[in-house]
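Participant: My questions all concern the structure below.
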Amino acid sequence: MSLRSCIASSVLALGVSLSASACAAVHPYEREYLTRPGMDLHPDAMTAEFEAHVQSAREGAIGGRNTVESTGGGCGCN
Amino acid sequence: MIARTARMARIAFLLAWLIASGVAVASVRADEASGTWSGEIEGRGNYYLERSNRIMIPTGRVAVESPGGVRVHADYLVDIITSASIATGTTDDKVFTELRHGVGAGLGKTFDLGSSEFNLDAYGVYSTESDYKSWLFGARGSFAWNQKTSTVSLGVTGVSDRIYSTRDPLFRGELHGLTASVGFSQVLSPRLVLSLGYQFVLLEGYLGNPYRSTQNEGQASLREHPPEQRIRYNVEAQLAWYIPATRSTLQAYARYYTDSWDLRAITPEVRFYQDLGRYWNLRLRFRYYEQGEVYFAPSSGTTKYPVGYAGPTTNDPKLVAFHSQQLGARLSFSLLGLEGGLLDFASRVVLDVSFDRQWCPNFFGNNIMGSLGGRLAF
């Protein structure tokens, strides 16, 4: 991916984001369902870190899901 | 170039240190006369098994938040690796066990601005084992507005690793990295949440494995030597939708990855959460992963390069094309039923057990992952 297409996709993502934020606000009394399991998009940090570590050792792609990046570590992992 | 990335990683460290110091000073000045402290203690055992490796990771974490919005956390893990070979991807077949210790800590603060909110966090992780030392520092900030239904986040992480070889005392490798990420999440309706993310990773230094070797046709084996720079990008989108009629949540996730080694990958995933009565919750998931190969991978079906080849080399099974499928289930159980009784303190405990199976047709083969853990909120 060139720097130009990288910037273009970032601008596009920002545009989509700002458009989405223009949606009508959800009031506090309407947020009961948002506390249900699965509605938190980044839960279980410890499990997510474990899975990210395994995946970074076994797959060529890394990143995403709000995990702290790890570049590798022993066991033939990097 | 490597020195420049190392400098940038140091800047990430400085940024994390400045934020941590700022948060510490702010917390000292904060008026904490009212309110209560809250927090969470979590213990977990993770297990991973494949054809030639077994990994057990007991881990623990403590997180505390003050009435003034200051968060502190610390965690520790030990990675017990039992492997058929020190070098994944070689034919050497001696069983060995190795330990990796990891310790992390972080400091953060929430600034409540009424209808909006600002969060700032700094964290560090140190990981050590006989042939790998790693330092990681990061800082993350997020701002929520629009009645806190729109959130934008920015993060930066610096990594500095030292790589050794237990077989070659003279080998020394260094790896420096910088990660920058931006994210956005939006509550679209009382039942729908959307999240978008973009991540950029720059790695420079020794990006191979000192135990893996490659060979030109008819020549002796040499340690693999991939390029010394790798730039990685990924974009992701995630949607969560709650269905009140069945008390279920459906999550859809997709990630596209590409890097300067010409490796591209897609990762769609679907998760389904189902309430089972008042205390139980079941999560099912399916994850698909598919990737291409790096531009310097040896020809398909071989591990050797042509006579006279002098470019970058690799014998890494995860740098060639493959795809995998993963199915998993997790069951969570809340002890809320103990509320008001003798064991009231335990009513805020949530226990969970999970099992995943991945079908992977490459060198590593199929694997299973398991996890057993509990969280106590106080």
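Computed from the coordinates by the stated procedures, all read-outs in this text should not be read as laboratory data. Model, not experiment: these values are computed from the prediction. Cβ: placed from backbone, ideal geometry, glycine included. Neighbour counts: every protein chain shown.
Participant: Do you know the Lys pair count in chain B for C-alpha distances under 30 Å, with sequence separation 8 or more or different chains?
Facilitator: Working: B:K94/B:K133; B:K94/B:K304; B:K94/B:K318; B:K109/B:K133; B:K109/B:K148; B:K133/B:K318; B:K304/B:K318.
Final tally of qualifying lysine pairs is 7.
Participant: Evaluate peptide B:189-198: per residue, the Cβ atoms of other protein chains within 10 Å of its Cβ; return the mean as an integer. Before the final figure, lay out the partial values.
Facilitator: On the way: counts 6, 8, 7, 5, 7, 5, 5, 5, 7, 7.
Per residue, the number of nearby Cβ atoms from other chains is 6 on average.
Participant: Could you check the simple spin-label distance between B:T166 and B:L154, using points 7 Å along Cα→Cβ, in nm with one decimal?
Facilitator: It works out to 4.4 nm between the two label points.
Participant: If you don't mind, another one. Could you calculate the contour length gain from B:Q325 to B:A310, that is, 0.36 nm times the residue separation minus the distance between their Cα atoms, to one decimal place in nm? Provide the component values of the computation, followed by the final result.
Facilitator: Values: separation 15, 0.36 × 15 = 5.40 nm, distance 3.58 nm.
Length gained, B:Q325 through B:A310: 1.8 nm.
Participant: Does anyone have the angle between helix B:2-29 and the longest principal axis of chain B? Alpha-carbon axes, 0 to 90°, nearest 10?
Facilitator: Roughly 20 degrees, rounded to the nearest 10.
Participant: Placing +1 at every Lys and Arg Cβ and -1 at every Asp and Glu Cβ, with all other atoms neutral, what dipole size does region B:279-378 have around its Cα centre, in debye to the nearest 20?
Facilitator: Details: 9 positive and 7 negative charges, 17 e Å.
My answer is approximately 80 debye.
Participant: Does anything in region B:95-109 have its amide N under 16 Å from the 7 Å Cα→Cβ label point of B:W135, and if so which residues?
Facilitator: So the set is B:103-105.
Participant: Relative contact order for chain B: what percent, with Cα pairs under 8 Å and sequence separation of 6 or more?
Facilitator: 13 percent.
Participant: Place a label point 7 angstrom from the Cα of A:A25 along the Cα-to-Cβ direction, then list the residues of region B:166-201 whose backbone nitrogen is under 14 Å away.
Facilitator: B:187
Participant: Assuming 0.36 nm per residue, please report the length gained on full extension of the stretch B:L14 to B:R278 beyond their Cα-Cα distance. Present the calculation step by step, with values, prior to reporting the outcome.
Facilitator: Details: separation 264, 0.36 × 264 = 95.04 nm, distance 4.67 nm.
Gain on extension, B:L14 to B:R278, equals 90.4 nm.
Participant: Full-extension gain between B:V353 and B:T97, please, as 0.36 nm times their residue separation minus the C-alpha to C-alpha distance. Don't skip to the answer; put the middle values down first.
Facilitator: Values: separation 256, 0.36 × 256 = 92.16 nm, distance 2.58 nm.
Full extension from B:V353 to B:T97 adds 89.6 nm.
Participant: On a C-alpha basis, how far is the centre of region B:205-246 from the centre of region B:253-307 in Å? Whole number, if you could?
Facilitator: That distance is 11 Å.
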